[in-house]
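Before any comments, here is the structure.
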Amino acid sequence: MKYKKTRKQKSYGGIQKDLCSSDFFKCVNKSWLDSVHVPPYKAAFGVSEEIEQQIEKQLFQIAYECQVQYRKSPTHRSLETAVGAVADSVLKTASQPKNIHTLQSHIGQLNCLETKEDVARVMGDFCRARIGSLLRVDGTYLDTQGGKYCLEFRRGIIGLPDKLYYDDESPGRWKTLHYYEEYLNKVTTRLALPSLKPVIEAEKKLAPYILLKKVNEKEKEVAGTTLASRYTHIPWESFFGAYGLPDWKRRVFNLESQEWMSIVNKLFQEESIAFWRLIFTSQLIHHFIAYLPPPFDDYHFEFYRKRLRGQAQKLPQKYLLLEVLTDWMTPFLSKLYKDRFLDSSFRDRASDFAKEIQQAAMRRMNSVEWLEPRTRKLAEEKVETMILSIAYPNSFATSPLPQVNGDCLVENIITLGIWKSQQDVDRLGTKRKDQKGWEDPIYAVNGYYYSEDNELIIPAGSLLSPFYDEKKPLGWNYGGLGVIMGHEITHAFDEEGKEYDQDGHRKSWWTSQDKQQYEEKTKDIIHLYSHQRVLGHPVDGKSTLSENIADLGGLAIALDALNLVLEKRRVSLDERKRAYQQFFISYAVSWRIKEKPEKQIQGLLVDRHAPTPLRVNLIVRQFQEWYDAFDIKEKDPMYVDPRKRLKIF
Ligand SMILES: [Zn+2]
């Protein structure tokens, strides 16, 4: 008998080489993708959701403990009892009819609308309670005002999240508008209200402006008096009276879009009171419906979650609790999370790692050959002066406590919205350095870069495995958390970031030569992504450009940091290869995700990131270290000729 000699399989960090060379994302994540199912109440499940599951357990623990404290002493006012009261209002089923009555009463009050002043008053009330309206008011630090906090008018929202849904040819093959109408009908019938069908027609006309992905106007500041003289049909006195800013004429405001403000002004001039009543009614419904008991939350789920996103089942009630607390009580929950689960030595270690990545990014920016020498130096300085905020902030904005109750969720949502707007008003005129805490939750599995502050924020939620695991072999953390940090740092030089200098001032610091070179480089990136298709639909290379730049730059920076460690440690060739394998496997793992097709298609429309498998496969092949780590050769499908590989920073 002859024995066939089997060739010894090479090890690639435990993954199969054949598949590697054709689809690296799938190859690394194969067993995960085969074994994991998207939970029926979600439209996608990926690494973020895996980590969130751990965090959710901790947040539930906080919420339940707070609820117990609230029930023990409902009149005692503390951080814990405030969270406990809101938790109680979500979980107490007995209080649910009250939610419907509260919404009905708010809708009923719209019958009293008679004048344009009344309309402006309701809009001011909505903005103050942060109920979706045709306008939104938010706070922002304005460079030109000496970095002081001012209010900004932003475009509001309408019923559907993208303007394509309002076209006759909606994305996918679903008759979105038909089902949208059906949804509104069900809700209005149940609430004994007149039909909202005319709202759909109105939204169709507004959609191209209010849902424009990117406003191309330069943001513009206006004095309160200018608002009054320019947008003359809006009764501003009534608006600001309701919003709670009586001295509005002395204030300066920022406008996200002057075009949109002119449209709202025109609507005030031309539209009847009946029009406004319909718009406000639908906006109240949109804002509160997910917080109502069945069948209302079912109607919401059927249309928004199931039809538009492919989610199979409604979120269990207990998850609504987390949704409400994380959406509306961020600083409170963050503070409680930090006190219970985080310690400063962990923060110190993660901060040291962040500094390593920062050093690598400084060197990389100073060696970008297509930037002029002076620009390179400034880019390096921009990274050097970047504020690294890791794990949690030094203080939290938790006072004064909001007056919430344990009986009615809808009332609480209004109270918490008003509480947030009041924080904005109280903060007016202050500078960023005086700000307490972050806007973002510390338990978020995310990373942020803020151009206006030149600040990188990595919340504690992103410092968990598989992104960051102190027990993993060398290479792993650089491919996970390292790339995330590098990605956020690169945002300082993307489409938006490059328009800001190191002090967060909106100021052009690139030469025309630099800009021209940048255009050339980005053309190739746009071209590469625009030629990809997902489920037959094209990827938008332009709207995903900044994120794709950040992906490319982020991986390059983290790889630099790893290379430096490898050099310092004088590792053998084999060890180097293993570290690269760990790096790229960790990178691909950090993007593993399963999505419903509906969610994938919605992502192509509304997400600024490219679809996840592409974020892995299109990126790794631009780096020689990946070829070295997995012995990728010219004949392999993912191979790219070194002269054609993309590199921007
Ligand atoms: Zn990003």
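The values are calculated or read from the model by the stated rules, or taken from the named source; none is laboratory data. Remember, it's a predicted structure, so these values are computed and weren't measured experimentally. Cβ sites come from the backbone with ideal geometry, for glycine too, and all protein chains shown count toward neighbours.
Here are a few things to note about the model shown:
- Only one entry in 573, 605 is surrounded by fewer than 21 Cβ atoms within 10 Å (Cβ to Cβ), more than 16 Å from the ligand (Cβ to nearest atom), over 19 Å from residue 48 (Cα atoms) and under 18 Å from the mean Cα position of the chain (by Cα), namely 605.
- For the range 402-442, a residue qualifies if it is among the polar types (S, T, N, Q), touching a strand residue (DSSP E or B) at 6+ places or on another chain (Cβ under 9 Å) and exposed (fewer than 15 other Cβ atoms within 10 Å of the Cβ), and exactly one does: 430.
- Residues being more than 27 Å from residue 360 (Cβ to Cβ) and in contact (Cβ under 8 Å) with a residue 40 or more places away in the chain - total across the range 507-555: 8
- Scanning the range 463-490 for residues that are within 16 Å of the ligand (Cβ to nearest atom) and at pLDDT below 95 gives no hits.
- Condition check for residue 26: at pLDDT below 80 and either under 25 Å from residue 473 (Cα atoms) or among the hydrophobic types (A, V, I, L, M, F, W, C) (or both): no
- In the range 169-225, the residue that is farthest from residue 301 (Cα to Cα) out of those that are modelled with pLDDT under 95 and among the polar types (S, T, N, Q) is 216.
- Inside the range 72-89, residues that are assigned to a loop (DSSP other than H, G, I, E, B) and out of contact with any Leu (no Cβ under 9 Å at 6 or more places or on another chain) make up a count of 4.
Residue by residue, here is whether (1) out of contact with any helix residue (DSSP H, G or I) (no Cβ under 7 Å at 6 or more places or on another chain); (2) under 30 Å from residue 509 (Cβ atoms) holds:
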{"position": "366", "(1), (2)": "no, yes"}
{"position": "370", "(1), (2)": "no, yes"}
{"position": "374", "(1), (2)": "yes, yes"}
{"position": "378", "(1), (2)": "yes, yes"}
{"position": "392", "(1), (2)": "no, no"}
{"position": "397", "(1), (2)": "no, no"}
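- Being touching a residue at least 40 places away in the same chain (Cβ under 8 Å), in contact with a Phe, Trp or Tyr (Cβ under 8 Å, 6 or more places away or on another chain) and away from the ligand (no atom under 16 Å from the Cβ) is a property that residue 627 lacks.
- Being surrounded by 15 or more Cβ atoms within 10 Å (Cβ to Cβ), within 22 Å of residue 444 (Cα to Cα) and either of a type in the set (A, V, I, L, M, F, W, C) or touching a strand residue (DSSP E or B) at 6+ places or on another chain (Cβ under 9 Å) (or both) is a description that does not apply to residue 368.
- For the range 450-476, the set of residues classified as touching a Ser or Thr at 6+ places or on another chain (Cβ under 9 Å) and part of a strand (DSSP E or B) consists of 455, 456, 457, 458, 459, listed by residue number.
- Count - residues of the range 378-399 that are surrounded by fewer than 20 Cβ atoms within 10 Å (Cβ to Cβ) and among the β-branched types (Val, Ile, Thr): 3
- Scope the range 68-99; condition at pLDDT below 95, among the β-branched types (Val, Ile, Thr) and within 29 Å of residue 281 (Cα to Cα); matching residues: 90, 93
- If you check 587, 580 for being at pLDDT 95 or above, of a type in the set (Ser, Thr, Tyr), more than 16 Å from the ligand (Cβ to nearest atom) and crowded, with 16+ Cβ neighbours inside 10 Å, only one passes: 580.
Conditions (1) within 30 Å of residue 462 (Cα to Cα); (2) in contact (Cβ under 8 Å) with a residue 60 or more places away in the chain; (3) not polar (S, T, N, Q), marked per residue:
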| position | (1), (2), (3) |
| --- | --- |
| 53 | yes, no, no |
| 57 | yes, no, yes |
| 77 | no, yes, yes |
| 88 | yes, yes, yes |
| 97 | no, yes, yes |
| 107 | no, yes, yes |
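- Within the range 33-61, the set of residues being assigned to a helix (DSSP H, G or I), surrounded by 13 or more Cβ atoms within 10 Å (Cβ to Cβ) and over 24 Å from the mean Cα position of the chain (by Cα) comprises 33, 61.
- Restricting the range 492-511 to residues that are modelled with pLDDT under 95 and in a helix (DSSP H, G or I), the residue that is farthest from the ligand (Cβ to nearest atom) is 499.
- Search result, residues across the range 254-276 that are in a helix (DSSP H, G or I) and without any contact (Cβ under 8 Å) to a residue 60 or more places away in the chain: 258, 259, 262, 263, 265, 266, 269, 270, 274
- Checklist (1) modelled with pLDDT of 95 or more; (2) under 30 Å from residue 501 (Cα atoms); (3) in a helix (DSSP H, G or I) applied to residue 151, failing item: (3)
- The set of residues in the range 332-378 that are over 21 Å from residue 459 (Cβ atoms) and either under 26 Å from the mean Cα position of the chain (by Cα) or hydroxyl-bearing (Ser, Thr, Tyr) (or both) comprises 367, 375.
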